[in-house]
Every structure is written in structure tokens, then in C-alpha cells.
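Below you'll find the structure, written out as C-alpha cells, and then a few comments.
We did not get these values from a lab; they are worked out from the coordinates using the rules stated. Remember, it's a predicted structure, so these values are computed and weren't measured experimentally. In this analysis, Cβ positions are derived from the backbone assuming ideal geometry, glycine residues included, and neighbour counts consider all displayed protein chains.
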Amino acid sequence: MKEISILIGGQAGEGIKQGGNLIARLFNRYGWNVFVYEDYPSLIKGGHNFSIIRAARKPIKSHKSKIDILFAFNQDTLKIHQKRIDKETIVVYDPQETEYKRGIKIEMDKIIQEQKLPSFTKNTLVLGATAKILNINFGLVKKLIKEVFKNYQRENLLAAELGYNLAPNILNLPRLRKAPKPLLTGNEAIALGAAKAGLKLYVAYPMTPATSILHFFAHYEDKLGVKTVQPENEIAAVLIAEGAAYAGVRSMVGTSGGGFALMNEALSMAGQAEIPVLFILSQRVGPSTGVPTYTMQGDLLFALNAGHGEFQRIVAAPGNTRQAFYLTGEVLDLVWKYQMPGIILSDKHLSESTFSTEIDLREVKMEKPKLWKEKGGYKRYLFTEDGVSSLAFPGTKNNVVKATSYEHDEYGITTEDAQRIKKMIDKRAKKKEALIEELKKKETVKVYGNKRSKIVLIGWGSTQGVLEEVAEELKVKFVQIQYLEPFPKWELEKVLKNAAEIIDVENNSTGQLATILRSHGFNPTRKILKYDARPFTTDELIKKIWQEIK
Amino acid sequence: MARNKIDSSILDTYAQNTWCPGCFNFVIEGVVKEAILELTKKGLKIEDFVLVSGIGCHAKIVDYINTNSFYSIHGRVIPVATGIKLANPNLKVIGFEGDGDAYNEGIAHLVSAARKNTDITVVIHDNRVFALTTGQYTATSPIGFKGKSTPQGSLERPFNPIELMIASGATFVARSYAGNPAHLKRILKKAIEHKGFSFVEVLQPCVSFFNPAKFYNEKIYKLEDINHNSSNYKEALARAREWDYSDSKGDIPIGIFYQVQRTTYEEMILKGKKLLNSKISQKFQEILREKI
């Protein structure tokens, strides 16, 4: 067995997410690589939720459409996922809720009621059943439950045991001799990367799919030393962050498109006042409220162009948890080095999916920014060779620190003088040149698959996992752009030089990366776009690529 | 008193002043400089003052005072000030806002800061008009205000910021008058010294677009002259309601309406820890182990 995919489906409030997470952890401890996709509508109880847990011998960062084991808590689950099921799929269902022509009947609800167990233990029952179906030692299940559940441990153990005893053994999942890896969501990896790069303050107003960053920092406040603030709205969030950055504290905000739209005026101020601040923009389906709990790569051009006036920014788009960790750390450090706003583009698919993650903590470093060391004579916007002025913070004896949203002179006093205005704009522009020189030494673009292939798949952000796997399978090249601003033209010229076909793959309806590529003189020959608010699966993308290049 | 007068010109900058001749902002600027210098004599350090302003005539004040400052955007003084204070609670953060900033564009921040008792001082230059945009009505303009956007007179009822601030939980609520610099300085110093959210509304005649100086001079009286009990919530609200921001009737009390002590936002959030230059040993490995 090379890999296995499991789907659990039911209503919101039945703890589908928890169940998926438990199964993923069990596989992880069994030495397998896992990826978990979570699909849920914008409601608290009812509707249809499902998790797909994929485990494989090889590293994976995506899921497939086809399912090997399906747990249906209700009839809807079977109806909705009919296309994922074939004759080999093992279907486990509750005959009280559901009818099906074949499969394994377990009266989950009835058993839980009879044993007077809390309803959420249905998930540990499913965990137990999974272990039995796959011939996984129950001892491991027990150990996992004991570690995860501080409360209701006895009840969960009982439920798991019932599931284990009621399910038949069908397959044999071998135990692999690999050490388990941390299972992280994109948002958790973003938070860890920022904390490693010296983040001290995270300010956010709740908005899916960025909210779990706020939860993570709040939960681990003592372990990471990052304070969280949840203010009255997104506008306050970003301005609190900028106020704190002015006073010398590394700060970050996180939101989705709508919240980011509210933050635009302050983004522009960070450009003008040269305030180092990092934005996490986790995209969901727009425009407007759109489809709030689903995924889309619709805000690339928005991130690049947001804010009035002309100013430099840094925009990077990680594609998986490992990249989320080091890119967030790297960009937080860069915004302090170059004193400008930065944006990390994530989306629901990266932010909320769970990945087996190998993180090298040393990959994220914190460099000291250029600091003013003289006693007095400070000029916040002093002209320098690379355009970067030294930082000083209020509270420093004999130095006056004046930040401003107005165009200004070196001291930070408002100016409307033609020459001074131009000089200050040129000063800020110089920072871009220095930044590009630095980025030339970094991995702005990553290449996967068959590096000699003339067929090139190109993408950015959360499609990385699916594209990497597809490129390997089809033996073509995949180019992932990690830095979108400054745009790494120098690197793309190298990796796209011999391409006969450049196929732009994006989770949006217009092909925003293709537009950017064209503006830089590259020529994407085809576009494969998916905009039904769901991420690509590997099998689906392979089919689409075959249709294009057959 | 004269021999105690301090030379506030040491806080001057080289910026060219662009307020209208006779503007009451000159008074406020002078008073702020004196108040800061007098407080430094009482032990506060000049480098610990940070002035934050919004956008409008008032906002230019930060260009004219040689202290740390953050010239921010319209209506957003309070969150910027909150961020600065959270980052470094040693700083004395004083926000300056116009009525347009505080009462129109950024009212959510004003109410929230009062509710949370953020330890900052907010000074409102309430000239009851948008002046830098050449004269439109604001949330405290009287009904019938004739400006370029309301040539027939504005239709909207003004609200009472003093009442709103008391009701929202501000722990220091005061009103002063730019036509009485001595009073303004007294109130301002007390506001800066107050621990918690201190709100000072300064009635400021606008010499170009709305000048009720005569009305103010007739109607204003000092709360200190009537033995007002500023720790009594009901009494404070009653005094606040004596004037409804009309331009024809009511007596206008100035002074401290309300002052109480309550735990500040920063104390609650920071719990004695600091953010600036904080060094904690981060426990990444522990978190990663939990995720297995």
C-alpha cells in the first residue's frame, strides 16, 4: 500500500474536524506522511462538513478526489461524495441515519446513546474503527487519546474501544520506521515563523480563514512571548500594529480580503512613513462576502496594488507549511531591514489544511535592523546611500523621532517643496534596488519535477503541493514563484528560458499571475483555472493538464 | 506667577507655521509646550513624550513641537497611540484630534479606548467644523450650520461627546476652552498625569469658518467654581447635559466632569510584562512535540 485516503462527513457540530485530526495523528505516529483537507460551510450546527485525510509513504502536500474509506454520519455524505466512491471504497455508515447498498454498518449514534457517552465521542469511535479496519495496534490509539484528551478521557477511550470492536479488519497498513513529524496548519506555521523572527505583538480582528493565527498566538502566549490584541475593527488593528512598530516592537496583523480592504489606508501610510509592518492576507472567495469558508487565489493583484499612491512593499506567497514558516520569518525580518510594509499571501487552503511538516528552526533568523547609535542629531528620514535610514525609537535621550504620513523632509517635518518631495520619493525608491540585490541571494523562485522539461507548469501559493506532485508524475517542470514583489524577473528569465509551453495554473477565474507574467515580458501559453471555491486535487489537475497538452 | 514662567521656545521647530492668523491652535500649541515642560520639571522626561495627531488644522501641531511625534491619518489617532503605549508603557502618549477625526471618522476608536481605559490622553480641538477642507459641518456643529455642503443649513442634531465619554467608561472626562489658556493648561496637566484614558475636549473657535467666541465667553462657567463632585457619575452626566451643543442656549460648564481610577488596558494586556526588548526563551520544540 502506497497511500490511503479517508473521508469523514456529517453535520457541523459533530466534531468532524477533530475526528480527521485524530486519524491524521494516528497515521503520523505510524510513520506515514499526512495531509488533511477540511471543508465546511459558514455555519455552526447542521450543513455538511467533511475532512479528507490522505496518508502516503512519500511526502505529500495535497489530497486526491478518490477515497479509500468513507465514514458517513448521514445520508447527505453519501449523496454528496458519490463521485469519490468506487467499488473498492470501504463505506462505513450508521444504518439509523443512512441507507447504502453495501459496506460496514455501525450503529454509531445508538451505541453512544446506550453507553451514555457525550455525542462528540463519535469521532473517537471512528478513530477506533479506522485502526481496526487498517489493522493498527489499539495500544497506539489508546496512547493518542490519553495525550489528546485531558477531559473526558475515559469516555473517549470507551468510544474508541467500541469502534475498534465493532469494525472488521479489512486492510493491513504497515507501520513505517519513520519518526513522526509535527502536523501543522499553514496558519500555525505562519505564526511560528513570525515568532521565530522576533514578533512581539499580533493584532487581529477575527476573520476566516486568518482567525486561527489569533487563536494560536493566544493559546501559546507564554511559550512564544507574542501578545495578542483583538481591537474594535481591522482599521484599529493595523494602526495599533504601526504605532507599536514606530515604538520599536515587531508587530503583525492578519485578516482576509475584506479586512485587508479596510486596512488599505494604513498600508499606504506604512509606505509613506516607512513603518515596518507585516500583513497576513489569507484569501477566501470574493468579491465581497463571497464564500467565506472556501478557498480562492483572488487577491494577488489586490495585494500588489493595494493602498493609494506609489510605494514599495514586499509580497511573498508560501505554498505549504514549511514555506509558510520560513517565508513569514524572512519577510518579517526584511520589512524591518527595509522599513516598509510586507504581505504574506495565504488562502483558506494553505491556512487551514494540515501538513506533515519538517521545520528547521534555524532557517528563520532575526537580524538587527539598522539602528541609530549617536547621542542626538537623529533624523528619522536621513538620506543614505541605500535609502534606508537608521531607526531610533521614542524614549531615546536627546533624539527626537518624528514619523509622518505627510511627505516630509529628513527630520520628519511636512514639506510641499517640489525639490524636497522628489528627493524623498527617490530616497524611498532606492530601497527597492537594495532589496532586489538582497532577494537575488534568496530563493525567490523554486523549481520542481523534471527540470529539463520544456513543458512548464507555473503557479504561486497554495497550489504548490498539488503542482509539485503532478509535475513529478507527469515528468514536467513546475516553477513556483515565492516572491511576487519585488517580482523576481532575474530568476524567471533563467528558469523559463527553454520553455515551449508555460501553463499557468491558478485557483482563480482570470489568471492573475498570467497577467503579471505578461507585464514582465513572459508569455504563458495556456491557463488552467479553477474557481469553484475548492482547491485542485492531484487527479483532477492531471486530467486537466492532459486535456491541454494531449 | 510671572517668575515661574518657562521659556517654551526650546520646543520650537523650524517648520513654517501655516495656521490662519489669530487661530486658536496657536494658543493650544503654546499651552501644550508649557504643560510638557512643566511636567518635565516634576520628573517626566522630555524624550518620553510622544504626540500623535490626525489630519486637519489641529494636526499640524506635531510639526511645531520638537518632541517625538507620529503624524498619522484622519480619525486614527487613538489606535496609533494605543500601539505606541502598548509597545512602551513608559511613554506619555498624547493624541490630538479634531472633531472631524474623533467624532466623525474615528468614533469607534474613541468609544473603544474609553471603554478599555487605554492609558493615553486625547485632546480634541473641537472647532465644530471641518476647517482645512474649507468649512463643512461635523458631528458637533449646531443644527442649521451653513457651510459649503449645507448652504441651507445642516439638518443633523449634534451629539454630546462629554456625555458619550462618561457613558463609555472614560476615567477622566474634561472640557476646556482655547480662550482660557490658564484653565486649559491646568486641565491638560491633570489629564496627562491621570492614569487611564483621559479625554479633554477643547472648545476652539475657528476664526475662518465658525466662530462662536462671543457665545462661549458669555455662557462658559467653571465647574471648580460650583464645587462639582467629579467622582459622582450621575452628577457628572447631569453637568454634561447642561449644554447640548446648540449655538443659542444653555450654560457651558468647563473643567473636570468625571474622574475615577480603574485598571488600565495596558495593565490588563501586558500583566507586568513588556514588549520592547523583551527576552523570553521561546519554547518551539515543546509546541512542535504537541503537534505530533
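Per-residue Cβ counts within 10 Å, from other chains only, averaged over A:245-255: what number is that?
Numbers: counts 3, 11, 15, 6, 10, 2, 4, 0, 0, 0, 0.
What the average comes to for A:245-255 is 5.
For A:M252, A:M296, A:M207, what's the fewest-to-most ordering of other Cβ within 10 Å of each Cβ? If you can, show how the numbers build up before the last one.
Working: A:M252 32, A:M296 26, A:M207 19.
So the residues, fewest neighbours to most, are A:M207, A:M296, A:M252.
Please list, in chain and number order, the residues 5+ apart from A:V91 or on another chain whose amide H is under 5 Å from its amide H, with Hs placed from the backbone.
Here A:L70, A:I104 satisfy the definition.
Once you average over the residues of B:53-62, how many Cβ atoms of partner chains fall within 10 Å of each Cβ? Before the final figure, lay out the partial values.
Numbers: counts 2, 1, 2, 0, 0, 0, 4, 2, 0, 7.
Per residue, the number of nearby Cβ atoms from other chains is 2 on average.
First obtain the Kirkwood hydrodynamic radius of the stretch A:445-549 from its Cα pairs, then insert it into the Stokes-Einstein equation at 10 °C and 1.306 mPa s, and state the resulting D in µm² per second as a whole number.
Working: Rh = 13.5 Å.
Approximately 118 µm²/s, per Stokes-Einstein.
Let me see the pair-distance distribution of the stretch B:247-292: every alpha carbon pair, 5 Å bin width, integer percents in order.
Taking every Cα pair in the stretch B:247-292, the percentages come to 4, 12, 11, 10, 11, 11, 9, 7, 6, 5, 5, 4, 4, 3, 0.
Trypsin sites (Lys or Arg not before Pro) within the stretch A:190-256: which are DSSP loop residues with at most 14 other Cβ atoms inside 10 Å?
Values: sites: A:K196, A:K200, A:K223, A:K227, A:R250; in loops: A:K200, A:R250.
Sites meeting the loop and neighbour criteria: none at all.
So who's got an amide H within less than 5 Å of the one on A:V445, skipping anything under 5 residues away but keeping other chains? H placed 1.01 Å off N, in plane.
Correct list: A:Q482.
Relative to the compact globular guide of 2.2 N^0.38 Å, what is the alpha carbon radius of gyration of the stretch A:77-193, as a ratio? Intermediate values should be presented prior to the final figure.
On the way: Rg = 16.3 Å, N = 117, 2.2 N^0.38 = 13.4 Å.
Relative to the rule-of-thumb radius for its length, the stretch A:77-193 sits at 1.21.
Based only on Cα atoms, what mean projected area does the convex hull of the stretch A:83-127 have, in nm²? List each step's numbers first, then the result.
Working: hull surface 14.8 nm².
Computing the convex hull of the Cα atoms and averaging its projections yields 3.7 nm².
Could you line up A:Y294, B:Y14 from fewest to most neighbouring Cβ atoms inside 10 Å?
Details: A:Y294 21, B:Y14 10.
Taking fewest neighbouring Cβ atoms as first place, the list is B:Y14, A:Y294.
Per the Cauchy relation, a quarter of the hull surface: what is the mean projected area of the convex hull of the alpha carbons in the stretch A:370-428, in nm²? All intermediate terms of the calculation are to be shown ahead of the outcome.
Details: hull surface 16.1 nm².
Over every viewing direction, the Cα hull of the stretch A:370-428 projects on average to 4.0 nm².
How about B:K42: which aspartates and glutamates have a C-alpha closer than 18 Å to its C-alpha, ignoring those fewer than 8 places off in the same chain?
B:D7, B:E34, B:E193
Aspartates and glutamates within cross-link reach of A:K17: Cα-Cα under 19 Å, excluding same-chain residues under 8 positions apart?
Hits, sequence-local ones excluded: A:E38, A:D39, A:D68, A:D76, A:D94, A:D109, A:E147, A:E155, A:E188, A:D347, A:E352, B:E290.
Helix-only mean residue ellipticity at 222 nm, chain A, DSSP H runs n ≥ 4 weighted -39,500 (n - 2.57), per residue, nearest 500. What is it? Please list the in-between numbers first.
On the way: 20 runs with 206 residues, N = 550.
After summing the helix terms and dividing by the residues of chain A, the value is -11000 deg cm²/dmol.
Taking every Cα atom in the stretch A:488-550, find the radius of gyration and the maximum pairwise distance Dmax, and write them in Å.
Reported Rg and Dmax, both Å: 12.6, 34.
Say the cut-off is 27 Å between C-alpha atoms; which of A:K223/B:K85; A:K2/A:K494; A:K64/B:K291; A:K142/A:K348; A:K397/B:K273; B:K85/B:K291 go over it? Numbers along the way, then the final one.
Working: A:K223/B:K85 23 Å; A:K2/A:K494 36 Å; A:K64/B:K291 24 Å; A:K142/A:K348 32 Å; A:K397/B:K273 23 Å; B:K85/B:K291 35 Å.
From A:K223/B:K85; A:K2/A:K494; A:K64/B:K291; A:K142/A:K348; A:K397/B:K273; B:K85/B:K291, over 27 Å: A:K2/A:K494; A:K142/A:K348; B:K85/B:K291.
Report the antiparallel proportion of the DSSP beta bridges in the stretch A:445-549 as a percent, rounded to a multiple of 5. Numbers along the way, then the final one.
On the way: 5 of 17 bridges.
Roughly 30 percent of the beta bridges in the stretch A:445-549 run antiparallel, per DSSP.
Taking the convex hull of the Cα atoms, report for the stretch A:243-309 its projected area averaged over all directions, in nm². Don't skip to the end; give the middle numbers.
On the way: hull surface 18.4 nm².
Over all viewing directions, the stretch A:243-309 projects a mean Cα-hull area of 4.6 nm².
Please work out the Cα center distance from the stretch A:4-58 to the stretch A:339-377, rounded to the nearest Å.
Each part reduced to its Cα centre gives a spacing of 29 Å.
Pull up the DSSP beta bridges for the protein assembly as shown and report the antiparallel fraction as a percent, rounded to 5.
Working: 37 of 112 bridges.
Of those bridges, close to 35 percent are antiparallel.
Which percent of Cα-Cα pairs in the stretch A:183-361 sits in each 5 Å bin, short to long?
1, 10, 20, 24, 23, 14, 6, 1, 0
Which of the residue pairs A:K475/A:K550; A:K368/B:K274; A:K370/A:K441; A:K45/A:K146 have a Cα-Cα distance greater than 23 Å in the structure shown? Mind dumping the intermediate values first?
On the way: A:K475/A:K550 14 Å; A:K368/B:K274 19 Å; A:K370/A:K441 20 Å; A:K45/A:K146 28 Å.
Flagged as over cut-off: A:K45/A:K146.
How big is the stretch A:3-166 by the Kirkwood estimate over distinct Cα pairs, in Å?
Roughly 15.6 Å, rounded to one decimal.
Taking Cα atoms, how many degrees apart are the long axis of helix A:122-133 and the longest axis of chain A, rounded to 10 and kept between 0 and 90?
70
Given the C-alpha atoms of the stretch B:2-290, compute the convex hull and give its volume per residue in Å³. Walk me through the intermediate numbers first.
Working: hull volume 47.0 nm³, N = 289.
That works out to 163 Å³ per residue.
Add -39500 (n - 2.57) for each DSSP H run of 4 or more in chain B, then divide by its residues: what number comes out at 222 nm, to the nearest 500 deg cm²/dmol?
On the way: 10 runs with 91 residues, N = 292.
Dividing the helical sum by the residues of chain B leaves -9000 deg cm²/dmol.
Quick one: Debye curve from the C-alpha atoms of the stretch B:23-95, no solvent, what's log10 I(q)/I(0) at q = 0.16, 0.24, 0.26 Å⁻¹?
For the stretch B:23-95, the Cα-only Debye profile gives -0.55, -1.13, -1.25.
Given an 8 Å cut-off on Cα distances and at least 6 residues of separation, report the relative contact order of chain A as a percent. Mind dumping the intermediate values first?
Details: 1242 pairs, mean separation 65.6, N = 550.
Relative contact order here is 12 percent.
Starting from 0 in steps of 20 Å, tell me what percent of the Cα-Cα pairs of the protein assembly as shown lands in each bin.
In order of increasing distance, the bins hold 15, 40, 30, 14, 1, 0 percent.
Report, in whole Å, the centroid distance computed from the Cα atoms of the stretch A:435-509 and the stretch A:263-331.
Cα centroid to Cα centroid, the span is 20 Å.
Could you tally the net charge around B:K116, taking each other residue with its Cβ under 12 Å from the Cβ of B:K116, Lys/Arg +1 and Asp/Glu -1?
Spelling it out: positives minus negatives among the neighbours equals -1.
Arrange the peptides A:460-469, B:191-200 so that the one whose residues have, on average, the most other Cβ atoms within 10 Å appears first.
Final packing ranking: A:460-469, B:191-200.
If I take every Cα pair under 8 Å that is 6 or more residues apart in the stretch A:3-166, average their sequence separation and divide by the length, what percent do I get for the relative contact order?
Details: 310 pairs, mean separation 33.9, N = 164.
21 percent.
In peptide A:225-231, how many Cβ atoms from other protein chains are near each Cβ within 10 Å, on average?
Per-residue shielding by partner chains comes out at 5.
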